[in-house]
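The structure appears right after this line, and notes come after that.
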Amino acid sequence: MHQQPADPLVGTLVDRRYQVLSRVARGGMSTVYLATDTRLDRSVALKVLHPHLATDSGFLQRLSGEAKAAARLSHPHVVGMLDQGNDGGLAYLVMEYLPGHTLRDVLNERGALPPRLALAYLDAIVEGLGAAHAAGLVHRDVKPENVLIADDGRIKIGDFGLARAVTTTTNTATLIGTVAYISPELVNGQPADARSDIYSVGIMFYEMLTGRQPFRGDLPIQVAMQHVGSTVPPPSEELPGLSTELDELVRCCTERDPEARPADGNALLEDLRHIRTTLSNAQLDFGSPGIAALPASGHAPTEPIGRVAAGNGAHPTVVLGGRANATSVLPGSVLPAAGQGVPAAGARPVRPPSSVPAGSASGAPAPGRNLLFPPEDTADLERPAPRPSKRENREALKARSKAAATPSQALRRGNPRRRGLLWVAVLLVLALLAAAAGWFFGLGPGALATVPDVHNRTVAEAQALLADQGFSSTTEDVFDESVLQGLVVRSDPEPRTQQRRFQPVTLLVSKGPVLYAVPRLAGGTLAAAKSALNAAKLALGSVTEQYDEDTDAGTVLAQDPAAGAQKRESTPVNLVVSKGPTPIPVPAVVGKPKDQAVQALTAAGLKAEVEDDEVFDRTVPAGSVVAQDPSNGTLTRGQTVRLTISKGPRMVRVPSYIGKQVQSAVHDLEQAGFQVKVNNILGGFFGTVRDQNPVNQDVPEGSVITLTVV
């Protein structure tokens with residue numbers, strides 16, 4: 001059996017912080033690993049770019065800016081960006097690790113989803129995109145593989161590391177996306193904005209409802225050109241009886257003209273939730289308990305157009321960059337004729353694409369326009385006719401105006417006096433209109449006025465100042481770290497800006513700072529407290545250590561502020577941490593009587609344990625402590641000190657050495673453990689023991705034996 005070679009990055013330490021545990025997935029631009037953040041002791045997803053991208057300094061510079069923008073985005077339905085960096089030739093992103101599966105896994109297992117379930121998934125996806133769009137981020141690669149579903153049911157959209165800030169200039173020669181879900185403007189090399197993500201959401205919603213993608217082909221370029229030249233069919237063609245409101249939702253998201261789509265995720269979310277409330281239970285549960293999944297061949301090919309690193313993902317990201325891969329120079333043998341798509345087998349006829357304004361950044365619909373339910377010809381009940389583009393509407397209106405201005409027959413000559421009166425009346429009307437216009441734009445609601453400075457004022461004061469200048473106003477609540485709640489943070493437009501009086505001014509009113517709940521830290525370890533504070537966007541304050549008899553060292557005893565308190569971001573939380581039980585110096589009790597030794601240890605808070613076996617000791621009297629264990633150092637309250645009690649010195653019989661030579665007597669007595677004292681008489685000339693004291697008696701070991709020598 002062929003064995004896959006081991007990944008050389010597994011088991012290494014990236015940037016001296018991220019321990020790589022295993023490889024999770026490999027895509028067209030990067031490889032994702034499960035790693036441990038050794039600094040914070042948590043699991044993270046480590047996304048390592050392929051070498052050919054990691055050496056592109058321009059790409060890395062853009063990626064760094066986009067990662068910083070994504071890191072500022074915090075939303076329950078968006079995978080958090082934690083870190084970004086380079087380690088030698090290794091470029092990486094660090095993201096929140098979410099154990100679970102993807103929406104692609106759900107679609108592979110279940111096929112088509114009931115509308116209720118599909119709308120539930122879509123609600124979370126669009127809410128996350130709406131937050132990103134509001135922060136100025138465009139995902140550019142929305143697809144089921146990037147929708148993560150945690151084991152606990154949380155739904156998050158990931159891979160914002162490749163997002164592009166809306167306010168930055170997009171390289172129109174670079175195409176980033178997946179061909180099955182890519183928007184027409186990206187295929188045409190035009191800039192991407194929030195409406196490009198809306199298009200991908202519409203394609204994905206179609207697949208969730210039907211179990212298959214709307215455009216299919218043998219080559220990726222065929223699928224891409226169908227996005228440009230074909231209209232996404234209504235899902236009810238695949239599922240007769242499906243609610244028409246769901247058809248309308250797919251249609252408005254997948255309009256080829258970006259101007260006809262919802263402006264961003266928040267605009268789509270409002271329409272989506274309105275539709276959910278209008279559908280009946282029968283319409284929401286259409287097709288339950290499930291619709292058989294279509295074969296895998298129903299998915300469009302997702303290999304990259306042009307060169308891309310090999311990957312094992314089901315739908316890898318397409319990267320088309322530089323002059324060599326610009327969409328404008330694809331071979332004519334591959335591209336269709338102008339205005340035509342490349343239909344796959346069984347695909348619908350392709351109508352000419354409507355014009356898409358290059359570089360358009362405005363996604364706002366015209367006032368009063370309903371994006372989900374526009375007027376349409378309902379004569380054809382099986383398939384609504386595609387709506388004409390704005391350019392086609394303008395050309396038709398121009399043609400009708402020209403035809404109306406051309407007389408169908410010659411006018412006969414009228415009375416000159418009547419014509420003169422008519423001209424006088426026309427001039428009077430024009431004069432009145434000019435006077436009215438002059439008043440309107442000079443003194444009336446159309447006159448220019450300067451927006452006053454309303455910063456740090458109450459709403460009533462600000463509205464009064466605006467009213468003095470002739471402005472009407474609306475209010476919008478925002479969080480602000482420095483302006484008190486209820487006061488005006490700023491106005492839109494800014495102060496000292498001139499605008500017409502009939503144009504409203506928006507007052508941004510402070511809701512106060514964003515507050516975060518203080519987590520419960522008592523009872524946990526100090527390391528766990530640091531991680532919890534970091535996750536709660538709070539800071540670690542002072543750490544005070546104190547002894548505690550009942551708590552292990554390193555355990556948090558108390559916190560300030562208390563758990564549940566609402567505090568500003570980065571507010572320090574002070575902790576009291578246990579140093580463990582108080583250490584007690586071990587008293588020295590050797591030589592003390594047993595009772596006194598036990599009493600001294602008990603008074604110190606320690607426990608005395610007396611050994612059963614007593615020992616002889618020539619220096620310690622019987623009944624006293626001859627040894628203790630431990631003899632020094634420190635213990636904690638309640639720990640044990642073992643005591644050994646002396647039986648006193650051993651009794652040894654002293655033999656008689658009278659008449660023997662002194663040297664032999666001294667040697668034998670010392671070998672027996674006695675001390676010897678020699679008294680010489682007459683200089684001890686003969687060296688003979690004349691007298692001995694004591695003699696032939698039992699005396700304590702180590703006693704002094706006196707020898708008298710002559």
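Every number here is computed from the coordinates shown, using simple stated rules; none is lab data. All of these numbers come straight from a predicted model, not from anything done at the bench. Please note: Cβ atoms are built from the backbone with ideal geometry, for glycine as well, and neighbour counts cover all protein chains shown.
In this calculation the C-beta distance from residue 599 to residue 640 is compared with R0 = 22 Å, giving a FRET efficiency of 0.90. Placing pseudo-labels 7 Å out from each Cα toward the beta carbon at residue 439 and residue 101 gives an inter-label distance of 7.2 nm.
Close amide H pairs (under 5 Å, H built 1.01 Å from N) link residue 648 with 617, 622, 623, residues at least 5 positions away or on another chain. The alpha-carbon of residue 511 sits under 18 angstrom from the alpha-carbons of these lysines, leaving out residues fewer than 8 places away in its chain: 567. The alpha-carbon atoms of segment 475-589 define a convex hull whose volume equals 110 cubic angstrom per residue. Here the Karplus relation 6.51 cos²θ - 1.76 cosθ + 1.60, evaluated at θ = phi - 60°, turns the backbone of segment 654-666 into coupling constants of 9, x, 8, 10, 5, x, 9, 5, 5, 4, 5, 5, 4 Hz, with x for every Gly and Pro.
Taking amide H as placed 1.01 Å from N in the peptide plane, the amide H of residue 540 sits under 5 Å from that of 573, each at least 5 places away or on another chain. Once both labels are positioned 7 Å from their Cα atoms along Cα-to-Cβ, the gap between residue 535 and residue 520 label points is 1.4 nm. Per residue, the convex hull spanned by the Cα atoms of segment 515-578 measures out at 59 cubic angstrom. Relative protection proxy for 623-636, 191-204, from highest mean packing down: 191-204, 623-636 (other beta-carbon atoms within 10 angstrom). If you take all other residues with their beta carbon under 12 Å from the beta carbon of residue 478, and give Lys and Arg +1 and Asp and Glu -1, the sum is -3. For the pair residue 123 and residue 474, a Förster radius of 30 Å applied to the C-beta separation gives a FRET efficiency near 0.65, rounded to the nearest 0.05.
For residue 68, a cut-off of 16 angstrom between C-alpha atoms picks up these aspartates and glutamates, skipping any fewer than 8 places away in its own chain: 83, 96, 159. DSSP assigns beta bridges within segment 543-694; of those with both partners inside it, close to 55 percent run antiparallel. Within segment 1-119, all pairs of alpha-carbon atoms sorted by distance into 10 Å bins from zero give the percentages 11, 37, 32, 15, 4. Working from label points 7 Å from Cα in the Cα-to-Cβ sense, the residue 542 to residue 616 distance is 6.4 nm. Our estimate of slack between residue 497 and residue 24, defined as 0.36 nm per intervening residue step minus the Cα-Cα distance, is 164.9 nm.
Can you pick out the pairs among 647/677; 47/530; 592/647 whose Cα atoms lie more than 18 Å from each other? In this structure, 647/677; 47/530 exceed 18 Å between Cα atoms. How large is the Kirkwood hydrodynamic radius of segment 651-709, in angstrom, based on all distinct alpha carbon pairs? After inverting the pairwise mean of 1/r, the radius is 11.2 Å. By the rule of a C-alpha distance below 16 Å, with chain neighbours fewer than 8 residues away ignored, the lysines paired with residue 143 are 156.
Fully extending the segment from residue 43 to residue 219 would add 59.4 nm, taking 0.36 nm per residue of separation and subtracting the current Cα-Cα distance.
Exposure proxy ranking for 439, 423, based on other Cβ atoms within 10 angstrom of each Cβ and starting from the fewest, stands as 423, 439.
When you filter the GluC sites (Glu not before Pro) in segment 489-591 for DSSP loop state and at most 13 other Cβ atoms inside 10 Å of their Cβ, you are left with 549, 569.
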